Number of protein chains: 2
Amino acid sequence: MESPSDSPKILKARVWTMSKRFVGIPEKSDFHIIVERIPALKTGEYLAKAVYISIDPHIRAITDELPVGSAIPGIQIASVVESLNEKFPVGAYVHGAFGWRTLTVDKGQTRSVPTYVLPDYLNDKSMEVSYGLSLLGVPGLAAYFGLTEVLKPRRGETLVVSSVAGGVGNFAAQIAKKILGCNVIGITSRDNKAKWCKDRGGIDQTISYMDQDVVEQLNKFAPEGVDYYFDTVGGDIANSVLSCMNDNGKIAQCGAISGYCNDVPAHLNQLEIIEKELKVEGFQVTRWKDRWFEAIDQLYSYHVGKRMSTYPPVYAAGFESIPDEFIRLFRSFNVGKVVVIVPSNVL
Amino acid sequence: MESPSDSPKILKARVWTMSKRFVGIPEKSDFHIIVERIPALKTGEYLAKAVYISIDPHIRAITDELPVGSAIPGIQIASVVESLNEKFPVGAYVHGAFGWRTLTVDKGQTRSVPTYVLPDYLNDKSMEVSYGLSLLGVPGLAAYFGLTEVLKPRRGETLVVSSVAGGVGNFAAQIAKKILGCNVIGITSRDNKAKWCKDRGGIDQTISYMDQDVVEQLNKFAPEGVDYYFDTVGGDIANSVLSCMNDNGKIAQCGAISGYCNDVPAHLNQLEIIEKELKVEGFQVTRWKDRWFEAIDQLYSYHVGKRMSTYPPVYAAGFESIPDEFIRLFRSFNVGKVVVIVPSNVL
């Protein structure tokens, strides 16, 4: 274990903050980097250097409740570079909600999500550590728990996934189809993203809502109606799916990106809920935080057993690029889970 | 049993129809009475004469899906005046979804709701038969099943009921408070209706949304947050309640009257659903149709045991007045369950 006295250099963290109240889709000028001096470690603390930072749409919803000037929250995988905490030894890779920042002094406490050293198969690089922010992190966990704990679909039933080319949606669609045996229909914005889903994940029943009528296509793929809906989008698309659902259908409400940049959040049609006696359940993966490692092991076994297609996150380079990547999430251009690589020389 | 040949007179039914597509709150001129000749009964049929017709807001939502010229649907209690069906003998009172009409030839089949001879304690007038459209009919059943099967609140927890002076809401509030032991807060439009709830049903924590700020009052009555919401209103009021709910709260979606007369139905904020991990369940009482008599007996026992305040429906006189009473539902003036009395000389 290194002692802080071994490093006489003054360390500074770079931290992305919200310099203005976001209006609609944020603009680059709404973000500002501040520099924070890193104090010497105290007993129980360790210093974590960001390696990958996750770019998540729901952060936009959270920022509405933060004061201007706040550091932007977010999850990262960081490397422990100094430590006075034996549970977080130097060289280990750590998952934590440290925010959009380069260096973090931490005690290993649970923040908005659990802080932990990555499982062995990530830490020893049997699988690249960035998977700890995609299949083996919150996106994979959201897909897994949303299906196995919220929707619990039966084999052969019809399940729709929105944002099927997105970080959560593609895993949800694959688990539903390949592990749980559902008839899966995915909704995405554009044809090229539908093609990506087919090529990457074998999801071939897709609807491109910018080019196709969602209800018409759902009626084609699901003439007997939709039983389950895994929703990360909300709003108009969600209500189109609701209009095609069967009585007693169930909706797992994982996200509602369509409204994150609007003054009025995404809303769900109450008349459909009543007339079809639907069940809607909002969820966050932190509900099952005591079972995260069990679920991560399960998702890893799907990967090792080739039971689903896995692929690395989409990498964007550079700490400075985080706001651009975040803004892009709301322009419907991305496929897969986006993580920003923080170059090792950035401090 | 009378045979149709005993009644040589030609019988005609009067039937309220939708003569125009409703736009917003219906107008009197949107309704039109047609006259239908009643054919001679065939084996298995009986002739039912309307005694009380239930005036229900959700009919407005249904009419959007009916062709212009359709008979208006609705539930009534009718007296059997001729019969070739021994299960429906002359003199019995029948509950059935016969619509807004004076005479009906029926076979006792289930329509949108079950068709049945009223329980003995209504048929023998131990309790006035009109209770079969209020406490001992769909409104009471909706309150009962919505609480005991959907929300299942625990004693001491906080439950909000919207439209607490309405046909369903007042029973729901009373059952939640007096039978299930919840801390109950009722929302209604005006102070006079709040007073009615206090006088009639002992519900004294009420919010009059036309005079008071719903969120402010909820914070006052429920400083530790709302656990359950029995909703018949939807829209803005529902979303105000959601903003005061605790994590993992539950909403029983029984109705959404606030949107029935709008082009866009009432909608529920998906961001609240996600961030608080709420469960929303739409329901209709027909889900438990095999258990209606068990529930009606239970509700009757609450009445006999004086475990809650019961009171007759609000009576409006005259078959011709049905559209006026229906329109009034959307003006927020009513208290209690409204039924129209069809005078015995109307054929």
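Data overview
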item: Inter-centroid distance (Cα atoms) of region B:121-135 relative to region A:187-239, Å; result: 51 Å
item: Cross-link pairs beyond the 22 Å C-alpha cut-off, checked among B:LYS125/B:LYS337; A:LYS220/A:LYS306; A:LYS178/A:LYS337; result: A:LYS220/A:LYS306
item: Cut-off under 5 Å, modelled amide H: who pairs with B:ILE207 long-range; result: B:GLY186, B:ILE187, B:THR188
item: R0 of 45 Å, Cβ-Cβ distance B:THR43-A:LYS220: FRET efficiency to nearest 0.05; result: 0.50
item: Where labels lie 7 Å past Cα in the beta-carbon direction, separation of A:VAL68 and A:LYS9 in nm; result: 3.6 nm
item: Under 14 Å from the Cα of B:LYS250 - aspartates and glutamates, other chains or at least 8 residues apart; result: A:GLU281, B:GLU149, B:GLU157, B:ASP227, B:ASP231, B:GLU272, B:GLU275, B:GLU277, B:GLU281
item: Within the accessible area of region B:100-185 (1.4 Å probe), percent carbon and sulfur; result: 45 percent
item: Subset of B:LYS9/B:LYS42; B:LYS193/B:LYS289; A:LYS12/A:LYS107; A:LYS276/B:LYS20 violating a 21 Å alpha-carbon distance limit; result: B:LYS193/B:LYS289; A:LYS276/B:LYS20
item: Karplus-derived HN-Hα couplings along region A:38-45 (A = 6.51, B = -1.76, C = 1.60, θ = phi - 60°), whole Hz, x at Gly and Pro; result: 8, x, 4, 5, 9, 4, x, 9
item: Other-chain or far-sequence residues with amide H under 5 Å of A:LEU118's (modelled H); result: A:TYR93, A:VAL94, A:HIS95
item: Label geometry 7 Å along the beta-carbon vector: A:GLY318 inter-copy distances in nm; result: 7.9
item: Theoretical ellipticity at 222 nm over the protein assembly as shown - DSSP helices of four or more residues, -39500 (n - 2.57) apiece, nearest 500; result: -6000 deg cm²/dmol
item: Farthest toward positive dipole pole in region B:138-286 [+1 Lys/Arg, -1 Asp/Glu at C-beta], among B:GLY169, B:VAL233, B:MET210; result: B:GLY169
item: Those trypsin sites (Lys or Arg not before Pro) in region A:26-82 that DSSP places in a loop and that have at most 15 other beta carbons within 10 Å; result: A:LYS42
item: Whole-Å semi-axes of chain A's equivalent ellipsoid (Cα gyration tensor); result: 37, 22, 17
item: Relative contact order for chain A, counting Cα pairs under 8 Å that sit 6 or more residues apart, in percent; result: 18 percent
item: Simple Cβ-charge dipole of region A:138-286, Lys/Arg +1 and Asp/Glu -1, about Cα centre, in debye nearest 20; result: 660 debye
item: With 5 Å bins from 0: P(r) over region B:138-286, alpha-carbon pairs, percent; result: 2, 11, 22, 25, 23, 13, 4, 1
item: 7 Å along Cα→Cβ, label-point gaps from B:THR286 to other copies, nm, shortest first; result: 4.2
item: Percent RCO, i.e. relative contact order, over region B:138-286, from Cα pairs under 8 Å lying at least 6 residues apart; result: 22 percent
item: Shielding by partners - mean other protein chain Cβ count within 10 Å, residues of A:253-261; result: 3
item: Between region B:18-68 and region A:328-347, the Cα center-to-center distance that results, in Å; result: 60 Å
item: Average other protein chain Cβ within 10 Å of Cβ, residues A:280-288; result: 5
item: Under 5 Å, built H, 5+ apart or other chain: amide partners of A:ILE33; result: A:THR17
item: Probe 1.4 Å, accessible area per residue of chain A, Å²; result: 40 Å²
item: Per-residue ³J(HN,Hα) for region A:11-23, Karplus 6.51 cos²θ - 1.76 cosθ + 1.60, θ = phi - 60°, Hz, x for Gly and Pro; result: 9, 10, 9, 9, 9, 6, 10, 8, 7, 9, 5, 5, 10
item: Dipole magnitude (debye, nearest 20) for chain A, charges at Cβ of Lys, Arg, Asp, Glu; result: 620 debye
item: Dipole in debye (nearest 20) - the protein assembly as shown, about Cα centre, beta carbon charges: Lys, Arg +1; Asp, Glu -1; result: 260 debye
item: Fraction in percent of alpha-carbon pairs per bin - 10 Å, the protein assembly as shown; result: 3, 14, 21, 21, 17, 12, 7, 4, 2, 0, 0, 0
item: Across the identical copies, how the B:ASP120 labels are spaced - nm, sorted shortest first, 7 Å along Cα→Cβ; result: 7.2
item: Paramagnetic reach from B:ASP297 in region B:105-133 [backbone N under 19 Å; point 7 Å along Cα→Cβ]; result: B:114-127, B:132
item: At most 14 other Cβ within 10 Å, DSSP loop - GluC sites (Glu not before Pro), region B:94-160; result: B:GLU128
item: Rounded, prolate or oblate (a/c below 1.5 giving rounded, otherwise prolate when a/b exceeds b/c) for region A:232-336 by Cα gyration tensor; result: oblate
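The values are calculated or read from the model by the stated rules, or taken from the named source; none is laboratory data. Quick caveat, the model's predicted, so the values are computed rather than measured. With ideal geometry, Cβ positions are generated from the backbone for all residues, glycine too; neighbour counts draw on all protein chains shown. Quick note on the areas: whole protein, heavy atoms, side chains included, nothing else; ligands and nucleic acids left out. Shrake-Rupley method; radii C 1.70, N 1.55, O 1.52, S 1.80 Å.
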